[in-house]
Amino acid sequence: MLDPFFIKHLKTPLRNLALKLDTMGVKANHITFFGFIVGMLAVPALSQEYYGLALVFIIINRLMDGLDGAVARIQGATDLGGYLDITLDFIFYSAVIFGFALANPIDNALAASFVIFSFMGTGSSFLAFAIMAEKRQIKNLDYGGKSLHFIGGLAEGAETIGFLVLICLVPSHFVVLAYVFGTICWITTITRIYAGYRTLG
């Protein structure tokens, strides 16, 4: 829901940094892999309940996720880059939630499972529409020159990042926040399915 707003305001600073990295010979895929590796360090940090450290890893991962796209738009976006970006993003999102299950299996595991279950809904409805949109050459739903066609909803990238930050800041409220955000994800899935039905039907 908030993605277009953040894309608009972060586009220029990310491009300026991307231009500097491009002159240094840094490739977009290198940034993608670096961000993913750093982001995955949040899992062992969370398992040991080092929530502040995990938050640092999460923020670095999200910054790299924005930066790799900016570099790709300068160097020329590739199918491989788009594929790696979305695949590693979904692994990362679920991994962070898994980290909270590891931190407190008795209290957190069921709520964590619900969130990962909801990610299946948002992810599949998003990716399935992207395939059909590409097939039909639907361009008006594309966000910011990305490799895949995005279909909006209540829970998009910005909202997910906000959720990950919040649960690291107040981990004692993970269960309640997880059920709330998971429900929002399912509302997003339902609205996407409806929008896809209307658009493709």
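The values are calculated or read from the model by the stated rules, or taken from the named source; none is laboratory data. Predicted, not measured: the structure shown is a model, and the values here were computed from it. Because the Cβ atoms are built from the backbone with ideal geometry, glycine has one as well, and the counts that use them run over all protein chains shown.
General remarks:
- Residue within the stretch 139-162 that is β-branched (Val, Ile, Thr), modelled with pLDDT of 95 or more, closer than 18 Å to Tyr93 by Cα and assigned to a helix (DSSP H, G or I) present: no
- Considering the stretch 90-116, and only residues there that are of a type in the set (Phe, Trp, Tyr) and closer than 21 Å to Met40 by Cβ, the residue that is surrounded by the most Cβ atoms within 10 Å (Cβ to Cβ) turns out to be Phe100.
- Top-ranked residue of the stretch 65-77 - restricted to ones that are among the hydrophobic types (A, V, I, L, M, F, W, C) and surrounded by 19 or more Cβ atoms within 10 Å (Cβ to Cβ), ranked as nearest to the chain's Cα centre (by Cα): Leu67
- Which numbered condition Val26 fails, given (1) of a type in the set (A, V, I, L, M); (2) assigned to a helix (DSSP H, G or I); (3) in contact (Cβ under 8 Å) with a residue 40 or more places away in the chain: (2)
- Scanning the stretch 79-106 for residues that are within 17 Å of the chain's Cα centre (by Cα) and not hydrophobic (A, V, I, L, M, F, W, C) yields Gly81, Gly82, Tyr83, Asp85, Thr87, Asp89, Tyr93, Ser94, Gly99.
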